[in-house]
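The values are calculated or read from the model by the stated rules, or taken from the named source; none is laboratory data. Just so it is clear, the structure is predicted and the values come from calculations on it, not from any experiment. Every residue, glycine as well, gets a Cβ built from its backbone with ideal geometry; the counts of neighbours run over all protein chains shown. Just the protein is used for accessible areas: all its heavy atoms, side chains included, with ligands, DNA and RNA removed. Shrake-Rupley method; radii C 1.70, N 1.55, O 1.52, S 1.80 Å.
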Amino acid sequence: IWDFDLAYGNYPHDHGKKVANSTDGFYIKNIPWYNRLFQDPYFVEMVKKRFNSYYNQRHIVYDHIKENCTLLQQRIALENKLWGQLCLKSSKDNNVQEQHRKEAEKLIAWIEARMTWLKKNIDEL
């Protein structure tokens, strides 16, 4: 998996612009050729159809995140001891695991907010 630094509200270098970290907006439509696609009614129809398929099954993604969060609980503490990404390297395992769980909850909340915005705005295309 590559380049998720631009996904899920995890873009630290937006230089003061409200872009990738936001749950609202059509960031990709800033690209001229891509924006041109949205002028084609057939393309818009297919976007709506495809999006609604994902929207109606978004709980599968949330369940997957929760299941993997649980699966990774023991390993995440070791990972943190090596790299210190969630907490200080010296943090207790249960503190690291709790922080990891909170991050998973934040991710789910961000995705839900994004999906809600997309649902409203894609339906209006």
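Some observations on this one:
- Out of LYS66, LYS106, one residue alone is of a type in the set (D, E, K, R) and free of Cβ contacts under 8 Å to residues at least 24 places away in the same chain. It is LYS106.
- Checking each residue in the range 1-44 for being part of a helix (DSSP H, G or I) and at pLDDT below 85 picks out PHE4, ASP5, LEU6, TYR27, ILE28, LYS29, ASN30.
- Out of VAL47, VAL96, sole residue that is in contact (Cβ under 8 Å) with a residue 40 or more places away in the chain, part of a helix (DSSP H, G or I), among the β-branched types (Val, Ile, Thr) and open to solvent by less than 50 Å² (accessible area, probe 1.4 Å): VAL47
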